[in-house]
Amino acid sequence: MTERVLVTGLGIVSGIGNTLEETLNSLLNGRSGVGIVEYLKTNHTDIPCSEVKLSDSEMFSMLSIPETSPVTRTALMGIIATREALTKAGIIPDRSMKIGFVSATTVGGMEKSEQYYPDFLENDSRNDFIKVHDCGACTEVIADYFGGFSYVSTISTACSSSANAIALGSNLIRHGILDIVIAGGTECLTKFHLNGFNTLMILDRAHCRPFDASRAGLNLGEGAAYLVLESEESARIRKANVLCRVSGYGNACDSYHQTASSPDGKGATLAMTQALEMSGLKPDEIDYINAHGTGTINNDESEGAAIMNVFRDKIPPVSSTKAFTGHTTSAAGSVEAVISILALTENFLPPNLNFKSKIEKLSFEPVTVLKRNVKLKNVLSNSFGFGGNNTAIVFSAENFSKN
Amino acid sequence: MAVYIRGIGNISIQNTFLSTGIPQPVWYNEPYVRCIDPDFKFFLNPLDARRMSKLIKRAIITAKASISDSGIEMPDAIISGTGLGSIDDTEKFLTSMIENDEKFLQPTFFIQSTHNTISSQIAINLKCYGHNNTFVQGGISFECALSETMMLFADNKIKSALVGGYDEMTPAYFKLLDRIGFWKKEPFASQELSKSNTNGAMAGEGSVSVVLSDSKDQKTYAEIKALDLLYMPENITNSIFDFLQRNNLKSSDIDIVVAGMNGDNKGDSIYWKIFSELFSETSQAAFKHLSGEYFTSAGFGVWMTANIIRSKFLPSFVSLNNIIPGKYNNILLINHYRNKNYSLILLSAC
């Protein structure tokens with residue numbers, strides 16, 4: 001380790017709030033964002049999702065961007081969350097700084113492509129949107145709204161994408177390539193994703209129930225979340241408010257099946273073990289696990305097995321917050337990183353909503369009610385993607401934080 | 001920490017697959033060209049191959065070829081770059097969803113449309129449990145993958161890695177980009193692409209897998225000394241000068257400079273300016289007149305450069321100024337995508 005990586009700002013927009021404060025309030029008051037879709041135009045109105053409670057028009061107006069601009073909903077949400085993270089950290093990106101933007105998305109500009117594809121093929125009416133279809137272009141639209149970034153990168157590992165963005169951002173700081181990295185991900189709901197997940201038959205028609213014996217699938221969500229990652233020296237010079245430290249991360253491949261996790265949770269076990277190793281922590285020093293916990297039959301059992309592999313008979317409090325936010329796919333890693341850091345800095349354990357009865361094969365039950373005034377030092381956030389792309393990150397409290 | 005290129009597999013619009021060295025070129029006169037594919041059935045189990053998209057087939061075949069070329073049995077990490085993933089399957093799912101109004105959809109095309117399916121399928125095929133990642137940063141996706149790999153080597157987290165760049169050019173995606181002026185409309189000959197002086201590039205596609213290791217053997221191609229990624233640099237000449245300085249080199253220490261000229265006169269003028277400011281006496285070369293332009297074409301550039309270093313020979317059909325290099329110690333590969341994303345890769349003899 002050459003450099004410690006500090007977190008000095010957070011920004012988030014999801015079904016449970018358009019700001020960090022709203023998100024915290026929803027978590028503390030058990031308010032879920034899951035419900036009937038209002039903004040996504042789909043025939044599958046019977047499938048509940050967690051939408052960001054803003055129309056595109058409202059977002060364009062909040063950001064003073066002309067509505068005709070080739071900016072997708074994914075990019076709009078990304079800009080809103082990035083703007084909050086930068087504001088919270090007191091940073092205006094500038095070419096004189098070594099500052100980068102690392103984002104994550106799975107389907108990039110698909111939200112517009114799925115509306116305009118016949119035009120793309122037949123006429124010139126939607127040409128502006130052709131260029132913003134690919135994932136990297138989506139990241140550039142966000143970066144260019146602010147300007148000043150000299151490094152831009154995009155990761156796509158399905159539902160662990162933004163966790164890998166945080167890991168990459170941390171590496172760029174540790175290696176001295178950059179001083180500050182805004183890292184996270186963004187993904188809006190699309191018909192493409194909703195129909196895709198629907199063909200896999202893993203969408204629950206009711207509110208999802210992670211880690212519950214009766215769980216029957218996930219609820220999709222949308223959102224964006226970014227962390228300001230900063231080198232110790234840069235944070236010291238700027239007198240930044242330090243929220244916590246990224247103390248370790250691990251990435252491993254389950255190598256089992258393209259859309260299913262292994263029954264023994266091999267990849268997840270490896271990812272968590274590596275994250276602990278890098279952080280120099282023993283399993284019993286982890287005070288809370290924010291699980292990937294999608295609510296599918298397969299994930300929760302496999303992840304549970306992996307947690308049991310790593311933590312044995314001393315399993316820390318575990319919860320999945322996906323019944324709050326829905327599964328925000330590419331953004332889930334950073335959405336849940338923000339929730340984990342809120343838990344760490346505000347001293348609470350977020351509850352796992354909708355849990356009633358334990359999964360038989362698992363030795364533990366999730367946290368079901370909000371616990372406040374819990375002193376947390378180290379929290380672990382799990383993010384797993386299709387294809388076995390498993391990533392785990394440890395965030396640790398900093399002694400010289402705001403208290 | 002030294003990082004060496006130990007093995008490469010390359011399916012491209014040239015006869016590169018299983019070729020030792022750079023083969024005699026195939027020249028083109030049209031902007032839409034597809035890969036010269038090997039017969040997939042000789043390389044893939046038919047049961048496995050049944051559901052694979054063409055891009056995933058190519059990726060697995062080049063991955064295995066690079067591994068067998070390297071003599072390293074199992075890489076510690078699999079890191080890929082792809083601008084679009086399996087765009088063919090994405091289009092199939094999208095078209096079916098639109099035409100059938102969200103009904104009667106099959107999961108296979110959706111699953112394969114996800115960009116990380118390439119890295120995952122390679123991992124599942126090899127049974128590799130190591131670090132696995134996918135970069136999708138448009139025209140520098142391959143270089144982003146390479147950049148993360150270099151950091152993992154420096155951290156001693158890995159001793160070997162399989163890094164790849166994979167993209168396909170479907171007729172529909174070609175048409176879309178043609179609509180917004182990406183491709184050549186004027187007649188051209190690919191052997192003179194860098195001098196065509198007209199708008200637009202020649203398109204291409206390809207699958208390049210590279211096995212990297214912290215150790216070398218007698219067959220090792222080259223060392224990857226350094227890599228920089230730049231977003232909208234204010235002055236690229238200064239950035240290159242700074243990159244060389246950080247690696248204790250002057251521009252005269254560069255034996256060959258290889259540029260990602262794609263035939264688009266606007267984008268190519270940037271390379272000519274860099275040449276005149278820093279490398280007027282240096283041997284200059286190009287590669288996209290062989291590979292065509294696609295999001296991960298830099299992978300082809302690395303394959304070509306590695307072969308030039310190992311064979312100590314610069315074929316005349318890639319040279320731009322007919323200066324025969326005196327040495328083959330340091331080659332600088334410069335690539336940019338539409339004047340936004342830049343990469344600089346320094347490869348050295350080992």
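Here, each number is a calculation from the coordinates, and none is a lab measurement. Please read all numbers here as calculations on a predicted model, not as lab measurements. Quick reminder, even Gly has a Cβ in these numbers, built from the backbone with ideal geometry, and neighbours come from all protein chains shown.
Numbers at a glance
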item	result
Relative contact order of chain A, pairs being alpha-carbon contacts under 8 Å that are 6 or more residues apart, as %	23
Residue-span extension gain [B:N197 to B:N265] - 0.36 nm each, minus C-alpha spacing	24.0 nm
Cα gyration tensor category, rounded, prolate or oblate, for the range A:252-349 with a/c compared to 1.5	oblate
Helix-only CD estimate at 222 nm, as mean residue ellipticity for chain A, using -39500 (n - 2.57) per DSSP H run (n ≥ 4)	-10500 deg cm²/dmol
Count of Lys pairs (Cα-Cα under 27 Å; at least 8 positions apart or interchain) in the range B:3-213	29
Percentage relative contact order, the range A:267-403, counting C-alpha pairs under 8 Å, at least six apart	32
Virtual spin-label span in nm between B:K127 and B:S280, 7 Å along Cα→Cβ	6.0
Helical mean residue ellipticity (222 nm; -39500 (n - 2.57) per DSSP H run of 4+; nearest 500) of chain B	-10000 deg cm²/dmol
Length gained when the stretch A:H207-A:K356 is fully extended (0.36 nm per residue, less Cα-Cα span)	52.3 nm
Peptide ranges A:201-207, B:83-89, B:305-311, A:374-380 listed from the most packed, as the mean C-beta count within 10 angstrom indicates	B:83-89, B:305-311, A:374-380, A:201-207
Cβ-derived FRET efficiency at R0 41 Å, A:S214 paired with A:Q115, nearest 0.05	0.65
Residues B:I13, A:I177, sorted so that the one with the fewest Cβ neighbours within 10 Å comes first	A:I177, B:I13
Relative contact order of chain B, pairs being alpha-carbon contacts under 8 Å that are 6 or more residues apart, as %	24
A:K371/A:S61 FRET efficiency (R0 41 Å; Cβ-Cβ; nearest 0.05)	0.60
Alpha carbon centroid spacing (whole Å) that separates the range A:158-202 from the range B:117-177	15
Cut-off 19 Å, label 7 Å out along Cα→Cβ of B:E30, residues of the range B:158-178 by amide N	B:168-178
Alpha-carbon Rg/Rh ratio, for the protein assembly as shown, with Rh computed the Kirkwood way	0.95
Ranked list, fewest to most other Cβ atoms within 10 Å of each Cβ, for A:T105, B:T117	B:T117, A:T105
Spacing of the two label points (7 Å from each Cα toward its C-beta) at A:Y39 and B:R51, in nm	3.4
Cβ-based exposure ranking for B:Y271, B:Y328, in which fewest neighbours within 10 Å come first	B:Y328, B:Y271
C-alpha center-to-center spacing [the range A:331-403, the range A:237-291] in angstrom	11
Two-site FRET efficiency, B:F241 against B:T20, from Cβ-Cβ distance with R₀ of 41 Å, rounded to 0.05	0.70
